[in-house]
Structure formats: C-alpha cells, structure tokens
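All remarks here apply to the structure that follows.
A short reminder: the numbers here are calculations on the coordinates, not readings from a lab. Every value quoted in this text rests on a predicted model; they were computed, and no experiment measured them. When we count neighbours, we look across all protein chains shown, and the Cβ atoms used for this are built from the backbone with ideal geometry, even at glycine.
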Amino acid sequence: MSEPHYITRAGARRMQAELVELRTKQRPKIVQDVADAAAQGDRSENAEYIYGKKKLREIDRRIHFLTKRLETATVVGPEDRDGATDRVFFGAIVAIEDEDGKEATYQIVGADEIDLARGHISYRSPLGRTLLKRRVGETVVFRKPSGEVELTIVSVTYET
C-alpha cells in the first residue's frame, strides 16, 4: 500500500479549478484547433495539426494526473489538528525568526502544493519535519548544509 498523500483544502480547490479549466476551456479549444487543421488536408506536414495533437496529449495527461491525485488525496482541514491553535500541524502558516532576527513565513503543505516562491514547503521536507508539532515560542535547531541555525516559532495560523 502506498503512503497517503495529503493536501490542504485550498490546494484541493486549486487542483479542482485547474481540472475544470482544462476540461471545459483548454481541451475543447485544442480539439477545435486540431479539427480545423485536419480540414486543411495533408496531415503529415501540417504543423498546426501535429502541434495540436501534441498539446492535446499533454492536456489529457494532465487531466488524468489531476483526476488520479484528487481521487487518492486526503484533504486535511483546520479541524484535523486536534484543536491546538498554537502548534504546527499540516496546513499551518508558520512565522519563524532565526538567530539574526531575520523572519520568514512558511506554510506546511503536501507534495502537490510545494511552491517555494510562495513559501509553501512540504511536511516531508527537512524544515517541515523540524517544525511539525512545535509550539509558538519554541526554539528549534535546524541543520542546513551551511551549518546549524536556531529558529524560533513566532506565530502559527491556519487558513479556513
């Protein structure tokens, strides 16, 4: 049996929205483009037809992937955190401060939601594992490739 993959409610909504967009807008448009290109005759040297078929395969693969991921995902909401509001659980938005006073904010998410530019880190990542189950005010030692750093948890919030 494979390990469950968790996703936040917001992440599930984003995946669902992408799936709807692909099925209702992008795929029908590409199908029409391919049909128009096919009507032009010889398909072997028809770049629009060849590109359209390739794009259609990519969209179908993405639809299949999203459908399977959503079917097997375990959506974790704020109510799944045992009532604690000052502890870091899956889905938490955690503000931390390092020993130099530099602050950063991260959200603990599943593998399908990782987005470092937005501060979304996996609960399986080294930092995610270090922060899980910790409380506001707690200081933890995090091992970075450049050495150890002490991080203090400033705040923990959850989006609903």
Problem set entry | Cut-off 15 Å between beta-carbons: net charge of the residues surrounding A35, Lys and Arg +1, Asp and Glu -1 | +2
Exercise. Taking the Cβ-Cβ separation of Y158 and E138 as r and a Förster radius of 22 Å, what is the calculated FRET efficiency to the nearest 0.05?
Worked result: 0.80
For this session: Enumerate the amide H contacts of H120 below 5 Å, restricted to partners 5 or more residues apart or on another chain; note that Pro and chain-start residues carry no placed amide H.
Result: Q107, D115
Exercise. Among E148, E48, which comes first, then next, by fewest other beta-carbon atoms within 10 Å?
Worked result: E148, E48
Seminar exercise, completed: Over all directions, the chain yields a Cα convex hull whose mean projected area in nm² is 13.3
Seminar exercise, completed: Gyration tensor on Cα atoms of the range 78-158, a ≥ b ≥ c root eigenvalues, a/c under 1.5 rounded, else prolate if a/b beats b/c, else oblate, says oblate
Exercise. Quick one: Karplus J couplings for the range 50-67, per residue in order, coefficients 6.51, -1.76, 1.60, θ = phi - 60°, nearest Hz, x for Gly and Pro?
Worked result: 4, 5, x, 5, 5, 4, 4, 4, 4, 5, 4, 4, 5, 4, 4, 4, 4, 4
Problem set entry | Crossing angle, helix 9-21 versus the chain [Cα axis fit, 0-90 degrees, rounded to tens] | 10
Exercise. Taking θ as phi - 60°, what are the ³J(HN,Hα) couplings along the range 108-114 by the Karplus curve (6.51, -1.76, 1.60), each to the nearest whole Hz, with x for Gly and Pro?
Worked result: 7, 10, x, 4, 6, 10, 4
Problem set entry | Within the range 16-37, backbone nitrogen closer than 17 Å to the virtual label 7 Å beyond the Cα of K55 toward Cβ | 21-37
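Considering only DSSP beta bridges whose two residues both sit in the chain, what percent are antiparallel, to the nearest 5?
Just about 75 percent of them are antiparallel.
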Seminar exercise, completed: So, relative contact order of the chain in percent, Cα under 8 Å, 6 or more apart, is 24
For this session: Mark the label point 7 Å from the Cα of A104 along Cα→Cβ and return the residues of the range 138-159 whose backbone N is within less than 14 Å of it.
Result: 140-154
For this session: Could you run the Karplus curve 6.51 cos²θ - 1.76 cosθ + 1.60 with θ = phi - 60° over the range 28-44 and give me ³J(HN,Hα) per residue in whole Hz, x for Gly and Pro?
Result: x, 5, 5, 4, 5, 4, 5, 4, 4, 5, 5, 5, 7, x, 3, 8, 5
Problem set entry | Stretch gain in nm, segment K68-E48, where the contour uses 0.36 nm per residue and the Cα spacing is subtracted | 4.2 nm
Seminar exercise, completed: Other residues with Cβ under 12 Å from the Cβ of A17 give, with Lys and Arg +1 and Asp and Glu -1, a net charge of +2
